Amino acid sequence: MNKLAERRLRAVPPTELEERIEALAPWFHNMNLGGVWTAPDHFLGDYPAAKFKRFEAHLPHDLSGKSVLDIGCNAGFYAIEMKRRGADRVLGIDTDERYLAQARLASEALGFEDIEFANLDVYNVGAIGERFDFVIFMGVLYHLRHPLLALDLIHQHVANDLLLFQSMQRGSKHVLPLEADYPFDETGIFFETGFPKLHFVEHEYSHDWTNWWVPNRACTEAMLRSAGFAIEKRIEEEVYLCRKSERPYAKYGPAAVYPARSPA
């Protein structure tokens, strides 16, 4: 083998960016960072960009002067996209330090270093002490043991106007028109496939033990309304653009129930 051929066969040295991306693998958000894909073998392909393209036209194009909170931000794809639209302040929160490190790297590589990221879960959003014009709550609900509490806390503490919501859905896609009330002896309604149903996963679903509750479409929409979010439009199969409104039965007190604290 001549020396020229030998040089051509040697591995191309990885760049510093490639090394940093690899050090934080695996990635769930497949993003192009300076020509390097974070998850080139992603089972969903160009995710979440391909999904985002299907509904992005329904979102505000100009977020100048607005604040955005991305709950469960993962590697920061949606936080970055909102910054692209001119949002003044973007805060992404997650409880996984690796995801937060990915998000910081992605925002740095794409030139959006003013996005803030913090380790915080949805049950503690009240600690932020601030309301946001646009709240993103995508792909989180079904990973929670207490999903309705999470929606109540978002409404009570951080939502000021718009909510972008997505949840995995299973079961019937039919939404059954319901009366405001039913007598105690009415039991047949609960057997209807279009009645709001939240399916409990005791063990695992899709090899993921954090998949706890999976709603059908009727349940997703009913939970949003119950928490005080008026659905403006279903903008994709499982994605809703909502606006904060008055919570039903609010006159009886707050919806979010906190566990009693033992005396110190």
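Here are some notes:
- Dipole magnitude of the chain about its Cα centre (Cβ charges: Lys, Arg +1; Asp, Glu -1), debye to nearest 20: 400 debye
- The H on the amide N of Y205, modeled in the peptide plane, is under 5 Å from the matching H of N211, each at least 5 residues off or on a different chain.
- Measuring with a 1.4 angstrom probe and ignoring ligands and nucleic acids, Y205 comes out at about 80 Å² accessible.
- Theoretical FRET efficiency, 1/(1+(r/R0)^6), r = Cβ-Cβ of L176 and S64, R0 51 Å, to 0.05: 0.75
- Peptides ranked, highest mean first, by Cβ atoms within 10 Å: ranges 54-60, 96-102: 96-102, 54-60
- Extended-chain gain in nm, criterion 0.36 nm per residue less alpha-carbon gap, Q156 and E108: 14.1 nm
- Here the simple spin-label model places points 7 Å from the Cα toward Cβ, and for K251 and L44 these points are separated by 4.2 nm.
- The string of couplings for segment 28-43 from the Karplus curve (6.51, -1.76, 1.60, θ = phi - 60°) is 8, 8, 8, 10, 8, 10, x, x, 10, 7, 6, 9, x, 9, 4, 5 Hz, one whole number per residue in order, with x for Gly and Pro.
- Taking every DSSP beta bridge that has both ends in the chain, the antiparallel portion is near 50%.
- Ranked order, I21, I128 - accessible area, probe 1.4 Å, largest first: I128, I21
- Using a simple spin-label model with pseudo-atoms 7 Å out from Cα toward Cβ, R225 and A57 lie 2.8 nm apart.
- Centroid-to-centroid, using Cα positions, segment 198-226 and segment 119-167 are 16 Å apart.
- Amide H contacts of L163 (H built 1.01 Å from N, in plane; Pro and chain starts excluded): V135, C242, R243, K244 sit under 5 Å, all sequence-distant by 5 or more or on other chains.
- 0 to 90° range, to nearest 10: angle between helix 217-226 axis and the chain longest Cα axis: 70 degrees
- The lysine pair count for the chain, using Cα distances under 21 Å and pairs eight or more places apart or on different chains, is 12.
- Highest-fluctuation residue, T187, T95, T15 considered, GNM on the chain with Cα pairs under 10 Å: T187
- Only Lys, Arg (+1) and Asp, Glu (-1) charged, at Cβ; segment 52-104 dipole about Cα centre in debye: 180 debye
- Our helix-only sum for the chain, with -39,500 (n - 2.57) per DSSP H run of n ≥ 4 divided by its residues, gives a mean residue ellipticity at 222 nm of -6500 deg cm²/dmol.
- For H29, distant residues with modelled amide H under 5 Å away: A75
The values are calculated or read from the model by the stated rules, or taken from the named source; none is laboratory data. Small disclaimer: the values here were computed from a predicted structure and weren't measured. Cβ sites come from the backbone with ideal geometry, for glycine too, and all protein chains shown count toward neighbours. Surface accessibility is based on the protein's heavy atoms, side chains included, excluding ligands, DNA and RNA. Shrake-Rupley method; radii C 1.70, N 1.55, O 1.52, S 1.80 Å.
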